[in-house]
């Protein structure tokens, strides 16, 4: 334990030294904005920084001059003055004027940021512990967006990908050059939807809606993160927005509508192998955060599923907990978050893994029946 | 005053029953030093996990617990009690009073602290571990805490009570116990800043107590102050919390201003520039601090008018704060400076606090803040004002008054080493965090994207340098208590306040006959 | 001793200040609500007597001028909280109306469980400012709603957007979040 710790730190130190000298360029400013608001924020920050640099030169200049010249060791004789009304008036009023000059452009940007009127489309975004739901209400479909970085990468068992922790299974997709209004709410605790390249950050508050907007000017994939501490996996609920040309966007919407229609149909029964394979992926995305990759849980807060009485008991009991949650605990109700097929698959997976010997198969039709 | 002389109990009972302001001051200082190391260790745990991408050492929940307890204990256990310790030692000495006005109350207000600290520290051992929702205690996340959620609320109540009792004592002492001739406008600036701070504490600590009490009844007695399902509003907690929280920031910095305003004139051998304007600037900062709270909440979705108001009011605070910085510079200007450790820490404070003030202006601007809110930029900003602000002045004050407290000179070489290593470690830790925030790294995350790796590594290395450096301070203090060159009544050439007229170490009872101030 | 006496007086005054401030923290709640009503902080609720509702009982719709010169789109957002098993949706996703026009919309609520449950809908608006101009004549959010096992119900909202709505607001979102009311707190 100790030696591996030392090895880790030592290795890190060496890497730190190498990388510090190897990388000539680091990101030391805002990422390049792709919206009008983002650009305003970027410019405002640059202007402010230059004003600050100016003040800093004066303040630190005077300070260092004084530190060099007015020291006893060079034989400087102390003056005795202790106030100067003229000076004090000057250094009260000048900062005041500078601040007014800075407040003016800031005010204009604030008003622009808050103007959500005349949007071309609206997407309702809901924060969950710890994922986002995007609801395209006008088009009648919605989906969950969950971190897709494998746990093995997080735990250092495999090399980290380029978009480590900033990748999701289903990104939000928007058309370029359209004003998109985002309606935000949350299901459990406060989250915050932050997209640095858009200059957008808005808290999502359970029980209330808030709105914000953006109009992306360049097609591309943009990545952000939840910005308000929302519990255990706050650092693991990224936001990915893909901006597409209108034609591509329309195609995507048509696909989503077709998918939504397909999901509503529970279809025919799947084999145990199919269910377990599908369930494993769903488990990794939705359950492993608390119940752990191998079902060992983190007692007492997150119970183990391996060897659990409920998982090895009658299927109905497990279906009830997965669908309706367990009041007073962190276990959410998945009835509204997952399709019948997904719930069936994940339950079948847990009942047939890690030494659990329930051995039975739960089909989507049973889940559908439980909803009645 | 009312107690007889020299028959105080010895051993542990001396400290349990003491009503002597110097004893209680020392207790406060030792307590806060312990808490500083405890919370500092938690911070090193945070930086250890953030040393490289990926989860290496702990679970995400543990990480959140570390950030939460680090913040909570540093604020309420380390910084605030340390300033109260200084107040206890120095205010009676500086105004020529024999003791604090209410000595027994003084004893109680200290002994409440270990009780609260025990509640916080033992919460590590209860089922579910300590609270993990951030030191700001925001609901509804707070409701997900286990039993530690209640322990923390009680701890906050007790800490608040301790602060309130301490503040009452300080105000009464300053108003009723000044030596003849010590008019308000002759009080040393440290006394003035504490006078104003104590009023701030009385105004806002009860508000925090109210907020956490509402949370407690929401948790157990079926009220719905902050619960939307029962007609409450979670954002309301944020408003109440920051109504306390923003003045709290100034509670931690105003006494620091006072300490620096004592030290710089001493080592510049020149009177403090603009005493009167310093007093007024302190008062106006205190008043403004109570009407700007919502600048911590620019992203909750306030209407434009509210955002604009809070932006303008916040920017306004830069004016009196600027006045203070300019006054310190003018005090140094054309002085005959020497650079002993207290002066080094004070100059470090002026330089770095100014930097924290600059980023404060950036953050005051709503559009920029919307980007930076809850990012590492904010983390960098408040550590520049709280570490290089409050903590550096605490060190400055400790080195400045150690000769008076112990009767010995501290080890100047080690003191200077402590300063320079702190300076390097601190800047290496927190300066890169500005860049992390600008590039888009949220705060309070246990793992991060690869693009943030280099600066985080730098930051972690800096943190370990800074953390271990603080052991030097403990060594210097212990060495100074044990011995060293005798200090004399007035070890600093330029000092002119009343505490330097009594012998070093300051006798157990001082100013039993009040001095007369001309 | 005069110092001791003046100490006591001062301690009493400061102690009083502490209690006043404690009271103030509780007073912040009604203050906050009225600040919200005035549109200073955020607009969520209007009726102080009924914290759940946004109704103005004195809406006088008979002589309100209908502003035919412009259209306002009202979107209806329905959310059932995770812990709330009810199915809840707006029959129409949005309507286009003139300010001043009285409009009636329906939300559908289904209780899919086999037990009787009580729910409470919490309204919220976007932009927040719109709440001041959004007057409800009738709404299911005024009271708690009880649904029997497997019962479904259409729940009406009758509202008027007042003609003094600022010209730059062209879309209003009305959101309801349904929470379960536990029997404990209902009693």
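The values are calculated or read from the model by the stated rules, or taken from the named source; none is laboratory data. Keep in mind the model is a prediction, meaning the values are calculated, not measured. No Cβ is skipped: glycine too gets one built from the backbone with ideal geometry, and neighbour counts run over all protein chains shown.
Residues in the stretch C:114-148 that are within 14 Å of chain A (Cβ to nearest Cβ), out of contact with any strand residue (DSSP E or B) (no Cβ under 8 Å at 6 or more places or on another chain) and within 28 Å of residue A:370 (Cα to Cα): 2 in all. Has the stretch B:116-127 got any residue that is at positive phi and within 14 Å of chain A (Cβ to nearest Cβ)? No, the stretch B:116-127 contains no residue that is at positive phi and within 14 Å of chain A (Cβ to nearest Cβ). For the stretch C:73-82, the set of residues classified as touching a strand residue (DSSP E or B) at 6+ places or on another chain (Cβ under 7 Å) and crowded, with 17+ Cβ neighbours inside 10 Å consists of C:74, C:75, C:76, C:77, C:78, C:79, C:80, C:81, listed by residue number. For the stretch A:110-133, a residue qualifies if it is within 10 Å of residue A:181 (Cβ to Cβ), within 14 Å of chain B (Cβ to nearest Cβ) and either assigned to a strand (DSSP E or B) or free of Cβ contacts under 8 Å to residues at least 60 places away in the same chain (or both), and exactly one does: A:117. Check whether at least one residue in the stretch A:345-368 is outside any loop (DSSP other than H, G, I, E, B), within 14 Å of chain C (Cβ to nearest Cβ) and either within 25 Å of the chain's Cα centre (by Cα) or surrounded by fewer than 20 Cβ atoms within 10 Å (Cβ to Cβ) (or both), and report yes or no. Looking through the stretch A:345-368, at least one residue is outside any loop (DSSP other than H, G, I, E, B), within 14 Å of chain C (Cβ to nearest Cβ) and either within 25 Å of the chain's Cα centre (by Cα) or surrounded by fewer than 20 Cβ atoms within 10 Å (Cβ to Cβ) (or both).
May I ask you to verify whether residue C:169 is away from chain B (no Cβ under 14 Å) and either at pLDDT 80 or above or more than 21 Å from residue A:333 (Cα to Cα) (or both)? Answer is no for this residue. Residues in the stretch C:69-100 that are touching a residue at least 40 places away in the same chain (Cβ under 8 Å) and more than 22 Å from residue C:152 (Cβ to Cβ): C:70, C:71, C:72, C:73, C:74, C:75, C:97, C:99, C:100.
Here is the figure for the stretch A:186-197: residues that are facing chain B (nearest Cβ under 10 Å) and more than 12 Å from the chain's Cα centre (by Cα) total 5. When A:74, A:110 are checked against the criterion of being surrounded by fewer than 14 Cβ atoms within 10 Å (Cβ to Cβ) and assigned by TED's automatic domain parsing to the domain that holds residue A:49, A:74 stands alone in meeting it.
Can residue A:225 be described as touching a helix residue (DSSP H, G or I) at 6+ places or on another chain (Cβ under 8 Å), within 14 Å of chain B (Cβ to nearest Cβ) and either within 28 Å of residue A:32 (Cβ to Cβ) or in contact (Cβ under 8 Å) with a residue 12 or more places away in the chain (or both)? Yes.
Residue A:80 passes all but one of (1) farther than 22 Å from residue B:323 by Cα; (2) out of contact with any helix residue (DSSP H, G or I) (no Cβ under 9 Å at 6 or more places or on another chain); (3) not in a helix (DSSP H, G or I); which number fails? All conditions pass for residue A:80, except number (1). Taken over the stretch A:332-342, the criterion of being away from chain C (no Cβ under 14 Å) and in a helix (DSSP H, G or I) is satisfied by A:341, A:342. Among the residues of this structure, residue A:295 counts as one that is part of a loop (DSSP other than H, G, I, E, B), on the phi > 0 side of the Ramachandran plot and not assigned by TED's automatic domain parsing to the domain that holds residue A:151. Within the set B:489, B:454, the sole residue that is surrounded by 20 or more Cβ atoms within 10 Å (Cβ to Cβ) and free of Cβ contacts under 8 Å to residues at least 24 places away in the same chain turns out to be B:454. Before we move on, is residue B:230 within 26 Å of the chain's Cα centre (by Cα) and either surrounded by fewer than 21 Cβ atoms within 10 Å (Cβ to Cβ) or facing another protein chain (nearest Cβ under 7 Å) (or both)? When the stated conditions are applied, residue B:230 does not pass them. Only one of these conditions is not met by residue B:54: (1) over 23 Å from the mean Cα position of the chain (by Cα); (2) in a helix (DSSP H, G or I). Which number is it? Among (1) over 23 Å from the mean Cα position of the chain (by Cα); (2) in a helix (DSSP H, G or I), residue B:54 violates only (2).
Assessment of the stretch A:313-331 against the conditions (assigned to a helix (DSSP H, G or I), farther than 30 Å from residue C:151 by Cβ and under 27 Å from the mean Cα position of the chain (by Cα)) yields no matching residue.
When we screen B:168, B:153 for residues that are away from chain A (no Cβ under 14 Å), surrounded by 24 or more Cβ atoms within 10 Å (Cβ to Cβ) and assigned to a helix (DSSP H, G or I), the only hit is B:168.
The residues listed here are B:304, B:300; of these, the one that is touching a helix residue (DSSP H, G or I) at 6+ places or on another chain (Cβ under 6 Å) and surrounded by fewer than 22 Cβ atoms within 10 Å (Cβ to Cβ) is B:304. From the list B:348, B:357, the one residue that fits, being closer than 20 Å to residue B:385 by Cβ, out of contact with any strand residue (DSSP E or B) (no Cβ under 6 Å at 6 or more places or on another chain), part of a helix (DSSP H, G or I) and touching a residue at least 40 places away in the same chain (Cβ under 8 Å), is B:348.
Flag not set for residue B:343, criterion: surrounded by fewer than 22 Cβ atoms within 10 Å (Cβ to Cβ), assigned to a helix (DSSP H, G or I) and more than 7 Å from every other protein chain (Cβ to nearest Cβ). Looking at the stretch B:189-204, is at least one residue in a loop (DSSP other than H, G, I, E, B) and either more than 7 Å from every other protein chain (Cβ to nearest Cβ) or under 28 Å from residue B:88 (Cα atoms) (or both)? Within the stretch B:189-204 (the criterion being in a loop (DSSP other than H, G, I, E, B) and either more than 7 Å from every other protein chain (Cβ to nearest Cβ) or under 28 Å from residue B:88 (Cα atoms) (or both)), the answer is no, since none of the residues qualifies. Screening residue A:85 with (1) within 26 Å of residue B:266 (Cα to Cα); (2) more than 7 Å from every other protein chain (Cβ to nearest Cβ); (3) surrounded by 15 or more Cβ atoms within 10 Å (Cβ to Cβ) gives one miss only, at (3).
So, residue A:44, is that one modelled with pLDDT of 90 or more and either assigned to a helix (DSSP H, G or I) or out of contact with any helix residue (DSSP H, G or I) (no Cβ under 7 Å at 6 or more places or on another chain) (or both) or not? Answer is yes for this residue.
Is it true that some residue in the stretch C:94-113 is outside any loop (DSSP other than H, G, I, E, B), within 14 Å of chain B (Cβ to nearest Cβ) and either buried (at least 17 other Cβ atoms within 10 Å of the Cβ) or at pLDDT below 80 (or both)? No, there is no match, as no residue in the stretch C:94-113 is outside any loop (DSSP other than H, G, I, E, B), within 14 Å of chain B (Cβ to nearest Cβ) and either buried (at least 17 other Cβ atoms within 10 Å of the Cβ) or at pLDDT below 80 (or both).
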